[in-house]
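Colleague: My questions all concern the structure below.
Values quoted throughout were computed directly from the atomic coordinates according to the rules given, and no laboratory measurement underlies them. Note that this is a predicted model, so its numbers are computed, not measured. Cβ coordinates were reconstructed from backbone atoms using ideal geometry, including for glycine residues, and neighbour counts include every protein chain displayed.
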Amino acid sequence: MYRFFVAIALFVTSFSAFAGHNPENEGKKETFNAGEVILHHVMDNHEIHIGTLSIPLPIILYSSERGLDLFSSSRLSHGDVYNGYIMEHEKIYFVGDNGEVARDEHGHITASKPFDFSITKTVVGLFLTIGLMLFFFIKTANGYKNRVGKAPKGIQAVFEPLIIFVRDDIAKPSIGKNYEKFLPYLLTIFFFIWIGNMLGLIPFIGGFNVTGNISVALVLALLTFIITIKNGNKDYWKHIYNTPGVPWWLKFPIPLMFFIELIGFISKPVVLTLRLFANITAGHIIILSFVSLIFIFNNLYGAGAGIGVSILSIAFSIFMFAIELLVAVLQAYVFTLLSALYFGSAVEEHDHAH
Amino acid sequence: MDLLTPSLGLLFWMSLAFIIVLVLLKKFAWSGILKALKDREEFIERSLKSAEDAKAQMSDLKADNEKLLAETRLEREQILKEAKDMKEKIMSDAKLSATEEGNRLISAARAEIDKEKLKALSDIKKQVGELSLEIAEKVVRKELSDKDAQQALVDIHLSQAQAN
């Protein structure tokens, strides 16, 4: 009965992280650590857990001393040493002469690390997202090519309203007349974030957290930042170094306005990164926390409490799932809209002083 | 904290993969889709405009037709009226001329009759005169062959003349 409910709990909420940890927890039930499990899920891994199945991924390492190395992550599982490398907490280190990772007297690792270009869980999720995008949109484009002048059909009809939404409700009002130049980028980030978010919500496929990864969000924000800078016209830069329309004493002798504008300028990509990363990761953490409650109660008060709590937990996590579905599209919208607004401010033409 | 630290490998793969997908989608998806959407919107706009134009033309045509129809109707009425007038005029003219002709014929006939009558009368008078003369001649001749009778006649005349 207990197993049945756990199975249901996993089916409904289904984050494989639990299943991956089950074998370790079987002997020592009381050691279920919700924090560790949740972090394990939201962070990057060198393998994918689907149920009790663990899929090894390729590890690619580069260092100036050792050159390029490529091998399966199964070689490094359970703290094994392979080829002079060892993995601890998903980080790969060089092994010292004694066959152990070098530590100082407090137990902190002092060993040096190679550059890790491994195809991790997040990279797989990234490739999946990109593969889905290429499949969806090239198919959609073919629909337009093959059915010129006809009403949209199939996948074309699914994406057309969204593409028009990005064009007419995000790009046009935010950027103005030069919107067409930025449209391919805006469409790509919108669908990348949305599909990436949705991928993170699909149960049982390994629990990807692509858009909730700070590196992924950072790259997206930096691209927006770079495109903004590249397209910034004279007015845009003038607004930063010599803001028109403010009293002279805000600029001289202390260039106060310049510093304020500079902070605004720099904070934009930071805010974009953190908003996307925090929203998606937080959503995953909340759902996982509700599910973890079942196991925590089960461990503390026995199976009965676990089953009792599971009803409430599952209800809450379903509710959170619904909210996360909304958040998935909302964050895509917000990121795209803000990018469009930044582009708009970069290309805006002022013919009045303000 | 690890969660907040961007990792080099992921930054690398994400930049590479995203830029590749951006370029691929731009080339093979977005340009075609956006162009098709734009074309279709322009087509719809054009179609709507031409429909509007056609509607305007139709209403123009209809107005023209109605005007034409009204004109035609007016013309027809006028023609009918003229024809009616003409008919009446012709009829009245014909009547008038017929009457006149009749009158003329009647009067001519009457004149002829009168003439003939007068002629006949004068002929009759002449013949009567001649006949009377002949009779008178014959009578006189016969009478004059008898002396007594002559005498008697003279006497009668004389007596009448005396009596007057």
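Colleague: Please name whichever of B:Gln78, A:Gln331, B:Leu96 sits farthest to the positive end of the charge dipole of the protein assembly as shown, dipole taken about the Cα centre and charges placed at Cβ: Lys and Arg +1, Asp and Glu -1.
Modeller: About the Cα centre, the residue reaching furthest to the positive side is B:Leu96.
Colleague: Might you report the magnitude of the Cβ-based charge dipole of the protein assembly as shown about its Cα centre, with Lys and Arg at +1 and Asp and Glu at -1, to the nearest 20 debye? Walk me through the intermediate numbers first.
Modeller: Values: 52 positive and 56 negative charges, 98 e Å.
Value, rounded to 20: 460 debye.
Colleague: Okay, next question. List the aspartates and glutamates whose Cα lies under 19 Å from the Cα of B:Lys147, skipping any in the same chain that are fewer than 8 positions away.
Modeller: B:Glu137, B:Asp155
Colleague: Let me ask another. Of all alpha-carbon pairs in segment B:1-93, indicate the percentage at a distance above 20 angstrom.
Modeller: 74
Colleague: Turning to a different aspect of this structure: Sort A:Ser267, A:Ser313 by Cβ crowding within 10 Å, fewest neighbours at the top.
Modeller: On the way: A:Ser267 11, A:Ser313 23.
Fewest to most other Cβ atoms nearby, the residues stand as A:Ser267, A:Ser313.
Colleague: Quick one: what do you get for chain A if you divide its Cα Rg by 2.2 N^0.38 Å?
Modeller: On the way: Rg = 24.8 Å, N = 354, 2.2 N^0.38 = 20.5 Å.
With N residues counted in chain A, Rg over 2.2 N^0.38 Å equals 1.21.
Colleague: So how far apart, in nm, are the two label points at B:Leu105 and A:Phe135 if each is 7 Å from Cα heading toward Cβ?
Modeller: In this crude label model, B:Leu105 to A:Phe135 measures out at 11.3 nm.
Colleague: Something else about it: Counting Lys +1, Arg +1, Asp -1, Glu -1, what net charge surrounds B:Leu11 among other residues with beta carbon under 13 Å of its beta carbon? Let's see the in-between values first.
Modeller: Numbers: positive: none; negative: A:Asp44, A:Asp116.
Summing Lys and Arg as +1 and Asp and Glu as -1 gives -2.
Colleague: Between A:Leu70 and A:Ala282, what is the FRET efficiency for a Förster distance of 41 Å, r being their Cβ-Cβ separation, to the nearest 0.05?
Modeller: 0.70
Colleague: My understanding is that a pair violates if its Cα-Cα distance is over 25 Å; which of A:Lys181/A:Lys268; A:Lys172/B:Lys26; A:Lys234/B:Lys26 do that in this structure? Show your work: numbers first, answer last.
Modeller: Numbers: A:Lys181/A:Lys268 21 Å; A:Lys172/B:Lys26 18 Å; A:Lys234/B:Lys26 28 Å.
Result: A:Lys234/B:Lys26 exceed 25 Å.
Colleague: If exposed trypsin sites (Lys or Arg not before Pro) are those in a DSSP loop with at most 12 other Cβ within 10 Å, what is the longest stretch of chain A that has none?
Modeller: A:178-354
Colleague: Something else about it: Please work out how much length the chain gains when fully extended from A:Asp168 to A:Ile155, using 0.36 nm per residue of separation minus the C-alpha to C-alpha distance, in nm with one decimal.
Modeller: Details: separation 13, 0.36 × 13 = 4.68 nm, distance 2.00 nm.
Length gained between A:Asp168 and A:Ile155: 2.7 nm.
Colleague: Moving on. Scaled to the compact-protein estimate 2.2 N^0.38 Å, what is the alpha-carbon radius of gyration of chain B, rounded to two decimal places?
Modeller: Taking the Cα Rg and dividing by 2.2 N^0.38 Å, one obtains 4.21.
Colleague: How about A:Lys91: which aspartates and glutamates have a C-alpha closer than 18 Å to its C-alpha, ignoring those fewer than 8 places off in the same chain?
Modeller: Within the straight-line cut-off, A:Lys91 pairs with A:Glu36, A:Asp44, A:Glu47, A:Asp69, A:Asp80, A:Glu100, A:Asp104, A:Asp116, B:Asp2.
Colleague: Next question, about the same structure. Anyone know which of A:Val124, A:Val271, A:Val327 comes out most mobile in the 10 Å Cα GNM of chain A?
Modeller: A:Val271
Colleague: How much length, in nm to one decimal, is gained on full extension between A:Lys230 and A:Phe115, taken as 0.36 nm per residue of separation minus their Cα-Cα distance?
Modeller: Numbers: separation 115, 0.36 × 115 = 41.40 nm, distance 3.02 nm.
Contour length minus the Cα-Cα distance gives 38.4 nm.
Colleague: Add +1 for every Lys or Arg and -1 for every Asp or Glu among the other residues with Cβ under 13 Å from the Cβ of A:Ile138, and state the total.
Modeller: Here the charged neighbours net out to +4.
Colleague: Which FRET efficiency value, to the nearest 0.05, is calculated for A:Ile263 and A:Ile318 with the Förster distance at 45 angstrom and r the Cβ-Cβ distance? The partial results should precede the final answer.
Modeller: Details: r = 42 Å, r/R0 = 0.93.
Taking R0 as 45 Å, the efficiency between A:Ile263 and A:Ile318 is 0.60.
Colleague: Tell me what chain B gives for mean residue ellipticity at 222 nm when only DSSP H runs of n ≥ 4 count, each as -39,500 (n - 2.57), the sum divided by the residue total, rounded to 500 deg cm²/dmol.
Modeller: -34000 deg cm²/dmol
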